[in-house]
Amino acid sequence: MRRLATMGRDRLDLLYLSPFPPSPPTFGAQRRVQGLMAAGGGRHDITAVSLITPELDAGSAERAMREYCREVVLVPARPWRGAQKRMLQARSLVSSRSFERRLYDLPRLRRVLDSLLSRRAFDVVTVELPFLAHELLASVPRGRQRPRLVLDEPHIALDLARQQARTQSGIARRIHNATNWPKIKREEMDLWRRFDGVTFCSEKDEARARALVPSMRTAVVPNAADVQYFKPRPSDPTPDGRTVIFFGAINYYPNVDGLLYLLREIWPLIARSHPQARLQIVGQHPTPEILAFQGPSVEVTGSVDDVRPHLARAAVSIVPLRIGGGTRFKILEAMAMARPVVSTSLGAEGIEAEPERQLLVADDPGAFARAVARVLDDAQLADRLGREGRSLVERRYSWDAAAQRLDLFFREVLVSQITSADPGEVIG
């Protein structure tokens, strides 16, 4: 295999395109993009183009991103909520395009991308999630080859859309999801065929996608944790032996579904067997359905500046998810803090953790409640799970290791460009 050095250099010009600013991160997909970009920023020149919604602080986002980016461009996005969103959803029912593709169809974004790609010869353009990947990324400085295109899939969008179509309640939502998810499937599979490479965060996601499009070039670039940030510290509070913590974005449908499952079917069992147990729900944008469960043994904390003290104080971190894709940051970050984890099988999917060694796994309400009770009752078990989980994350799930795998994939894609370049790709 020819070395990338035949292209004259090892430092790459990379363009990242994402539907949100990766920094400062408040939810999982942001953490993935920030982790990979920050870990690669020392080895490559990174330009970032991100959409930004009105409620976010553009100045704060740009300052945080400039710590690892050479250039940052923030493009105003359409709002995710309100009448404008509902009108767009209604129009998408009679459109051949998915709602998400229409949502991200922004003339200003196209102008920004055309300008950047016309004046700078990027080696690789990485697009986060499929909904921005339909942009025309073909502009190239005269005499230069087009960049290689890599699609990063934190989860398979068609899988998540299909699960929501099957599980969400309400007639309007069901009609929208039933109509929308086949469009997402068609659009996503088309991108898998057209892009030079696609990265997935787990081998299971990769296998599911390749079963649909076997010809695509793929790699597994796992989610990870910042093992220097998420780690036990002498200043942290000690575990209190009674707090059960759930943390994550509470307006994200898989999290809402998992929390309602917990609150309705699992928590009453735990509260009955362990009256002193306390559930703490930490995360941005708690929904009215979740807030309705607040009481003496259930605290909905909302967003916090630093989740680490809350994790350190908790006796156990739980992941009662029933739908979703990708891998869960909430597991990796709890493990990095040396906290024991109880998860459903789907919640733990894609993480190479051994049940009973690095975490406990249970899939029905009674079994899940009993697993939580085991940790609450057995400090030695809790300590052992925490130590083993921390060790696993240090060995396999650091951002440096993930970024090295992504870097290798970029080089594989670029080498394929050298060995099988299409002469017609050079813009004369």
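The values are calculated or read from the model by the stated rules, or taken from the named source; none is laboratory data. What you see is a predicted model; the values in this text were computed from it and never measured. Glycine also receives a Cβ, built like all others from the backbone with ideal geometry; neighbour counts cover every protein chain displayed. To get the accessible areas, we keep the full protein, side chains included, count just its heavy atoms, and leave off ligands, DNA and RNA. Shrake-Rupley method; radii C 1.70, N 1.55, O 1.52, S 1.80 Å.
Residue-by-condition table, conditions (1) touching a strand residue (DSSP E or B) at 6+ places or on another chain (Cβ under 9 Å); (2) buried (at least 24 other Cβ atoms within 10 Å of the Cβ):
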{"site": "VAL282", "(1), (2)": "yes, no"}
{"site": "PRO286", "(1), (2)": "yes, no"}
{"site": "PHE293", "(1), (2)": "yes, no"}
{"site": "VAL300", "(1), (2)": "yes, no"}
{"site": "SER303", "(1), (2)": "yes, no"}
{"site": "ILE318", "(1), (2)": "yes, yes"}
{"site": "ILE323", "(1), (2)": "no, no"}
{"site": "ARG328", "(1), (2)": "yes, yes"}
{"site": "ALA336", "(1), (2)": "yes, yes"}
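If you go through region 147-159 one residue at a time, do you hit one that is β-branched (Val, Ile, Thr) and buried (at least 19 other Cβ atoms within 10 Å of the Cβ)?
Yes; the residues of region 147-159 include at least one that is β-branched (Val, Ile, Thr) and buried (at least 19 other Cβ atoms within 10 Å of the Cβ).
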Answer residue from region 387-407, given it is of a type in the set (Asp, Glu) and open to solvent by 70 Å² or more (accessible area, probe 1.4 Å) and is farthest from GLY35 (Cα to Cα) among those: GLU394
Residue ID - surrounded by the fewest Cβ atoms within 10 Å (Cβ to Cβ), chosen from residues in region 77-102 that are in a loop (DSSP other than H, G, I, E, B) and modelled with pLDDT under 85: VAL94
Some residue of region 340-348 being surrounded by fewer than 20 Cβ atoms within 10 Å (Cβ to Cβ) and without any contact (Cβ under 8 Å) to a residue 24 or more places away in the chain: yes
Options LEU109, LEU117; residue that is touching a strand residue (DSSP E or B) at 6+ places or on another chain (Cβ under 7 Å), at pLDDT 85 or above, part of a helix (DSSP H, G or I) and buried (at least 16 other Cβ atoms within 10 Å of the Cβ): LEU109
Pairs with Cβ under 8 Å, 6+ apart, first in region 18-35 and open to solvent by 30 Å² or more (accessible area, probe 1.4 Å), second among the charged types (D, E, K, R): PRO25/ARG31
Test: ILE245 is farther than 30 Å from GLU333 by Cα and not in a loop (DSSP other than H, G, I, E, B): no
Candidate set from region 36-56 (those that are within 19 Å of the chain's Cα centre (by Cα) and either in a strand (DSSP E or B) or not aliphatic (A, V, I, L, M) (or both)); member that is surrounded by the fewest Cβ atoms within 10 Å (Cβ to Cβ): THR53
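In region 253-350, which strands (runs of 3 or more DSSP E) lie fully inside it and hold 1 or more residues that are at pLDDT 95 or above and among the acidic types (Asp, Glu)?
298-302
For the structure I just gave you, tell me whether ASP364 is at pLDDT 95 or above, more than 27 Å from the chain's Cα centre (by Cα) and surrounded by fewer than 18 Cβ atoms within 10 Å (Cβ to Cβ).
When the stated conditions are applied, ASP364 does not pass them.
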